[in-house]
Amino acid sequence: MRDSASSGTDAPITNTPSDYERIGGAPAVRHVVQRFYELILADPQLAPFFDGVDMPRLKRHQVLLISQVLGGPAEYDGRDLHDAHAHLRIGSDDFARVVMHLVTALREADVAPDIIDRVGSTLVAHEKDIVTAGTL
Ligand code: HEM
C-alpha cells in the first residue's frame, strides 16, 4: 500500500533510503575513499601536499565526513575543514583536481549521478574553507 495521495502531516509510509544506504553503506564509502587517495597520491600536483601526513588517520576522517555528507551516521570527529587546511596554502586549481578525483572514484564505484552531483555541490560549497592561496 502506498501513501501516494498527499495526506496532510502524517509521516510517510515508505522510508526513502539515504544516499549513504543507496551506495552501499560503510564498505562502499571505505572503498571510494581508498580509491580517492590512490588517485590523489598518483597526481604529481597533489602528492606533495600529503608528504608526512598520517594517511590512515586522514582516510578514517574522510570516511566519517563523506558518510555524514551522504546522510549516513554523523560521527565526524576530525578538525573543522578550515583549521585542517589553513597551513597548506591550497589553490583553487588544487581544489578542482581533488574534487575531480573524488568524482572519478564515485563514478568508478557506479554511484548514481544524482548522488555524485549532491556530493560535488556540498564540497564546492566548502571551497572557501579550504582554498587559502591567492585569495587575500
Ligand atoms: C574537496 C574538499 C576536501 C575535503 C572534504 C577535505 C577533507 C579533509 C579532511 C576530513 C581532513 C582530515 C582533518 C583531520 O584529520 O582533522 C583533511 C585533511 C587534509 N587535507 Fe583535505 N579535504 C578537501 C580538499 C583538500 C585539498 C584540495 C587538499 C590539497 C590539495 C587537501 C589536503 C589535505 C591534507 C594534506 C590534509 C592533512 C592535513 C594534516 O593532517 O596536517 N584537502 N581534508
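Where a number appears in this text, it was derived from the coordinates with a stated rule and is not lab data. Predicted model, so just to flag it, every value in this text is computed and none were measured. Glycine gets a Cβ as well: all are built from the backbone with ideal geometry, and neighbour counts include every protein chain shown.
Cβ neighbours within 10 Å, averaged per peptide: list 99-112, 70-83 in order, most packed at the top.
In decreasing order of mean packing, 99-112, 70-83 become 99-112, 70-83.
Please report, for the Cα atoms of the chain, the Rg to one decimal and the Dmax as a whole number; what are they, in angstrom?
Every Cα atom of the chain included, Rg and Dmax give 17.3, 58 Å.
Tell me which DSSP H helices of the chain clear both cut-offs, 27 Å or more of axial length from alpha-carbon atoms and a mean Kyte-Doolittle hydropathy of at least 1.6.
The answer is none, since no helix passes both cut-offs.
Using 7 Å Cα-to-Cβ label points, what is the Arg30/Asp83 separation (nm, one decimal)?
Each label point lies 7 Å from its Cα, and together they span 2.7 nm.
First check a/c for segment 23-87, with a ≥ b ≥ c the square roots of the eigenvalues of its C-alpha gyration tensor; if it is under 1.5, answer rounded, and if not, answer prolate when a/b is larger than b/c or oblate otherwise.
Oblate is the answer for segment 23-87, as a/c is 1.5 or above yet b/c matches or exceeds a/b.
To the nearest 0.05, how large is the calculated FRET efficiency for Ala74 and Asp114 if R₀ is 25 Å and r is the Cβ-Cβ distance?
0.75
Determine the gain in length on full extension of the stretch Met100-Glu21; use 0.36 nm per residue of separation and subtract their C-alpha separation, reporting nm with one decimal.
Stretched fully, the Met100-Glu21 segment lengthens by 26.1 nm.
Size of the dipole of the chain about the Cα centre, Lys and Arg at +1 and Asp and Glu at -1 on the beta carbon, nothing else charged, in debye to 20?
Value, rounded to 20: 160 debye.
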